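Enquirer: Take this structure, written in structure tokens, and hold onto it; I'll ask about it next.
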Amino acid sequence: MKLLADFKPTPAIAYMFVTGTAFLFATSTVVSRGVHEIIPPIGGTFWRWFLAAMIMLAFVWRELPGKSALIRKHWRLIVLLGILQIGPSAVLFLGLNFTTAINATLINASQPALTVLPAWLLTRDRITAGQAIGIFAALAGIIVMVSKGSLAAVLALKFNVGDILALTAILGWTLYATLQHRLPSELGAGVKLFVIFLTGSLSVLPFYLIETAFFRSVPASMSALGIIAFLGIVGSLAGIALWNAALSTVGPNRATIFLNLVPVFGVSLAIIFLGEQLFAHHLAGAGLVALGVILVVTRARKRL
């Protein structure tokens, strides 16, 4: 069976993919924040990504012997990408124990701007003036949403160790977005996902064992199993499959701007499922984010 990630989408489909990625990431973030007192951060991270790796293995195991030479040749990059994708998940999950949702959302919104420099250095994917305006418009939209349109709320923000952890996670994902294209296409997108998921989950295994021995373990319950299965299939497997496929077509600068939709979707999910109210600042912020996305997409240099 041909996997969703095994073809290079057209730009229109790629933008649908990154929009879907933002929605899946928002869903996973809402769930992760809700269960951080039940499932420990490192253990939850290990099991969700290891589960995603095992699901991918069921699809690609026949390909692995023929791709073994490529895997050995690029093993260092594979390990690095695994660490940069899965490691930040554990770091962010841990950071949510110490920071507020507002701070984490603001820091997450900085990823498009943080992607500009490494994308230019590593891929020469430069931004135009219109794209720069779009990035800051989207960032302004996030600030409006989470601050409820109050400048005093923004100025009153205090940053702590959780914010540093969240920023570290964003930097890791930024580097992943700018480096993942270096894996050869001959490896196949399905095999890429498997080796990245597997090496990444194994990279956090020692920390998971330490967490289990000295802090707390993942509870052996059906509810914990269901949460991990949801995060592994929806947030990890489906989200990253869409993300990788889109990156190959539109590049990191245009793809990461769509991550500013994560808070927009998060607010929408909170309104629908948690009964929270819709206010004017939500609409104003979402409008600025939409404007930013449109500018980044339409004002980009044509990719050769």
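Enquirer: In nanometres, what is the gap between the two model label sites at residue 128 and residue 71, each 7 Å from Cα along Cα-to-Cβ?
Expert: A separation of 4.3 nm, rounded to one decimal place.
Enquirer: Would any residue of region 37-62 have its amide N under 20 Å from a label point 7 Å out along Cα→Cβ of residue 161? List them or say none.
Expert: From region 37-62, the list is 37-45.
Enquirer: Within a 10 angstrom radius of the beta carbon, how do 243, 75, 173 rank from fewest other beta carbons to most?
Expert: Ordered from fewest to most neighbouring Cβ atoms within 10 Å, 243, 75, 173 come out as 75, 173, 243.
Enquirer: Residue 291 to residue 12: FRET efficiency via 1/(1 + (r/R0)^6), r the Cβ-Cβ distance, R0 22 Å, to the nearest 0.05?
Expert: Numbers: r = 20 Å, r/R0 = 0.89.
E between residue 291 and residue 12, to the nearest 0.05, is 0.65.
Enquirer: Next question, about the same structure. Once you place label points 7 Å from the Cα toward the Cβ at residue 64 and residue 298, how far apart are they in nm?
Expert: Taking the two extended label points, one gets 4.8 nm.
Enquirer: Per residue of region 166-176, in order, report the coupling 6.51 cos²θ - 1.76 cosθ + 1.60 (Karplus, θ = phi - 60°) as ³J(HN,Hα) in whole Hz, putting x for Gly and Pro.
Expert: For region 166-176, the Karplus-derived couplings read 5, 5, 4, 4, 5, 4, x, 5, 5, 5, 4 Hz, x marking Gly and Pro.
Enquirer: Enumerate the calculated ³J(HN,Hα) couplings along region 69-84 in order (Karplus 6.51 cos²θ - 1.76 cosθ + 1.60, θ = phi - 60°), each rounded to whole Hz, writing x wherever the residue is Gly or Pro.
Expert: Using θ = phi - 60°, the values come out as 5, 5, 5, 5, 5, 10, 5, 5, 5, 4, 4, 4, 5, x, 5, 6 Hz.
Enquirer: If you don't mind, another one. Given R₀ = 25 Å, FRET efficiency for residue 37-residue 279 by Cβ-Cβ distance, to 0.05?
Expert: Step by step, r from the Cβ atoms, then E = 0.35.
Just so you know, all these numbers are worked out from the coordinates, no wet-lab data involved. All values derive from a computational prediction rather than experimental measurement. Cβ sites come from the backbone with ideal geometry, for glycine too, and all protein chains shown count toward neighbours.
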